Amino acid sequence: MATEQAYPEIREAVAALCARYPGEYWRGLDDAKAYPTEFVQALTDAGFLATLIPEEYGGAGLPLEAGCAVLEEVHRSGGNGAACHAQMYTMGTLLRHGSAAQKQQYLPAIADGSLRLQAFAVTEPTSGTDTSRIRTRAVRDGDDYVVSGQKVFISRTEHSDLMILLARTTPREECAKHTDGMSVLLVDMREARGNGLEISPIDTVMNHASTELFFDELRVPAANLVGAEGQGFRCILDGMNAERILIGAECIGDARWFTEKASAYAREREVFGRPIGANQGVQFPIARAHIQTEAAALMVQHAARLYDSGQSAGSEANMAKLLASEAAWAAGDTCVQTYGGYGFARDYDVERKFRETRLYQVAPVSTNLILSHIATRELDLPRSF
Ligand SMILES: Cc1cc2nc3c(=O)[nH]c(=O)nc-3n(C[C@H](O)[C@H](O)[C@H](O)COP(=O)(O)OP(=O)(O)OC[C@H]3O[C@@H](n4cnc5c(N)ncnc54)[C@H](O)[C@@H]3O)c2cc1C
């Protein structure tokens with residue numbers, strides 16, 4: 001018995017699309033460290049990446065919970081949404097904080113797939129999780145901002161036309177609050193690359209298209225400022241909550257893939273003259289992973305519905321991401337154990353998904369930072385930083 005599944009038609013359609021991209025497809029990309037161009041194009045053509053864009057801009061105008069259904073199904077099918085999920089939450093920053101002209105200029109093209117907004121640049125080598133200490137500066141010069149600095153682990157920059165960039169426009173020491181003085185700029189990657197922006201790929205344990213960015217006096221038109229100058233942190237916060245909920249849904253997809261795979265294998269694999277799944281030492285961990293997954297799925301659903309109702313969902317988004325990422329990891333570990341030696345053989349996809357799902361306890365936002373948020377905001381415990 002699984003948690004009630006919202007948007008069954010979307011789930012069915014996404015599952016049918018994903019069936020065209022089986023394990024061999026993802027393994028081939030892994031070998032070549034290549035981007036899933038055909039898969040992303042198919043999702044775009046089917047309109048799934050425009051799920052959250054309002055109808056007036058050519059999207060489906062559906063709530064976040066529908067986006068969760070799309071991404072959960074991608075992961076439940078054995079695929080990976082990390083190649084394109086950013087469009088769903090980065091678009092929100094533009095939608096909520098962009099000017100009417102910016103929305104009209106970009107959203108219809110993002111909705112029809114002719115423009116990709118897949119990159120979101122916050123993390124820096126010297127500030128890590130402490131966003132208020134970012135050093136990338138954007139200095140106003142006439143009709144432009146001049147950007148210098150460095151970002152790290154920024155995903156999909158080589159496969160995106162636009163990027164949401166968070167930079168300091170006022171030094172931290174001059175701001176009343178340390179989260180003031182940062183601004184969001186929309187960077188056109190097609191013009192920026194080679195003209196003040198250099199991109200260097202980062203090789204990671206999973207195939208993730210992550211990169212390091214070097215800004216050397218990159219000129220960005222002031223017209224590309226999203227929201228008010230100095231208010232950038234607030235502009236990205238909503239999007240970060242959406243990101244955590246959507247990635248929670250991906251983790252639920254992973255967790256369900258792992259428990260379904262483990263159960264099927266445990267029913268079929270015979271050792272000592274009976275299916276290994278008849279042994280409680282094998283079946284109990286799978287049952288436990290299922291229980292953990294269904295509990296986390298309820299939290300993801302709750303957070304999505306709260307977000308969709310317009311209420312503050314910060315803590316719920318964090319709790320959903322923590323529970324779902326841990327459920328996926330537990331289910332993955334159980335799946336590897338159930339498969340025995342075959343859990344390490346590439347042809348079964350278990351080891352690939354196991355590598356992929358580990359990320360979500362670190363990014364976006366690590367588990368410790370979520371615990372700190374809950375401790376200090378929900379439980380009124382003293383802050384340690
Ligand atoms: C594959 C990948 C893709 C990514 N994509 C993007 C992207 O597209 N855009 C983007 O902006 N970022 C991206 N990131 C960055 C990601 O969000 C960060 O790696 C993550 O937030 C952690 O930051 P950090 O690596 O600097 O770790 P740090 O901040 O250096 O932290 C290291 C460890 O110390 C712990 N820690 C730090 N401070 C405390 C504290 N006060 N109390 C307790 N524990 C603490 C953390 O929990 C963590 O476990 C990506 C990362 C990866 C690996």
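The values are calculated or read from the model by the stated rules, or taken from the named source; none is laboratory data. In this text, all values refer to a predicted model and were calculated from it rather than measured experimentally. All Cβ positions, glycine included, derive from the backbone under ideal geometry; neighbour counts span all protein chains shown.
Points worth noting:
So that you can scan it fast, the table gives a plain yes or no per residue for (1) crowded, with 22+ Cβ neighbours inside 10 Å; (2) out of contact with any helix residue (DSSP H, G or I) (no Cβ under 9 Å at 6 or more places or on another chain); (3) not assigned by TED's automatic domain parsing to the domain that holds GLY194:
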{"site": "LEU107", "(1), (2), (3)": "yes, no, yes"}
{"site": "THR129", "(1), (2), (3)": "no, no, no"}
{"site": "ALA138", "(1), (2), (3)": "yes, yes, no"}
{"site": "ASP143", "(1), (2), (3)": "no, no, no"}
{"site": "VAL146", "(1), (2), (3)": "no, yes, no"}
{"site": "GLY149", "(1), (2), (3)": "no, yes, no"}
{"site": "PHE153", "(1), (2), (3)": "no, yes, no"}
{"site": "THR157", "(1), (2), (3)": "yes, no, no"}
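- Residue match in region 358-375 (condition: surrounded by 16 or more Cβ atoms within 10 Å (Cβ to Cβ), in contact with a Gly (Cβ under 7 Å, 6 or more places away or on another chain) and not assigned by TED's automatic domain parsing to the domain that holds PRO22): no
- Candidates are the residues of region 331-372 that are closer than 22 Å to GLY23 by Cβ and of a type in the set (A, V, I, L, M, F, W, C); the one that is nearest to the ligand (Cβ to nearest atom) is LEU359.
- Pairs where the first residue, in region 301-326, is not assigned by TED's automatic domain parsing to the domain that holds MET88 and the second is aromatic (Phe, Trp, Tyr) and at pLDDT 95 or above, C-beta under 8 Å, 6+ apart: ALA313/TYR307; GLU316/TYR307; ALA317/TYR307; LYS321/TYR360; ALA324/TYR360; SER325/TYR360
- Test: residue in region 168-178 that is surrounded by fewer than 21 Cβ atoms within 10 Å (Cβ to Cβ), of a type in the set (A, V, I, L, M, F, W, C) and within 16 Å of the ligand (Cβ to nearest atom): no
- For beta carbons closer than 9 Å, sequence separation of 6+ or different chains, a first residue in region 359-375 that is on the phi > 0 side of the Ramachandran plot and a second that is within 6 Å of the ligand (Cβ to nearest atom), the qualifying pairs are VAL365/THR129.
- Test: residue in region 214-225 that is more than 14 Å from TYR145 (Cα to Cα) and assigned by TED's automatic domain parsing to the domain that holds ILE154: yes
- Every residue from region 68-111 that is of a type in the set (Gly, Ala, Ser) and within 16 Å of the ligand (Cβ to nearest atom): GLY81, ALA82, ALA83, ALA86, GLY92
- Qualifying residue in region 112-125 (condition: within 13 Å of the ligand (Cβ to nearest atom), in a loop (DSSP other than H, G, I, E, B) and more than 20 Å from CYS235 (Cα to Cα)): yes
- Taking each residue of region 112-131 that is free of Cβ contacts under 8 Å to residues at least 60 places away in the same chain and looking for partners that are within 9 Å of the ligand (Cβ to nearest atom) and part of a loop (DSSP other than H, G, I, E, B) with beta-carbon atoms closer than 6 Å, six or more apart or interchain, yields GLN118/ARG156.
- Meets criteria (more than 16 Å from the ligand (Cβ to nearest atom), closer than 30 Å to VAL350 by Cβ, out of contact with any Cys (no Cβ under 9 Å at 6 or more places or on another chain) and in contact (Cβ under 8 Å) with a residue 60 or more places away in the chain) for ALA46: no
- Residue count for region 193-240, restricted to those that are closer than 26 Å to GLY92 by Cα, of a type in the set (Asp, Glu) and at pLDDT 95 or above: 2.
- Members of region 275-302 that are surrounded by fewer than 18 Cβ atoms within 10 Å (Cβ to Cβ) and within 15 Å of THR338 (Cβ to Cβ): PRO275, ALA278, ASN279, GLN280, GLY281, PHE284, ALA287, ARG288
- Scanning region 126-167 for residues that are of a type in the set (A, V, I, L, M, F, W, C) and either more than 16 Å from ASN195 (Cβ to Cβ) or within 12 Å of the ligand (Cβ to nearest atom) (or both) turns up ILE134, VAL139, VAL152, PHE153, ILE154, MET163, ILE164, LEU165, LEU166, ALA167.
- The number of residues in region 285-340 being closer than 16 Å to ASP238 by Cβ and of a type in the set (Ser, Thr, Tyr) comes to 4.
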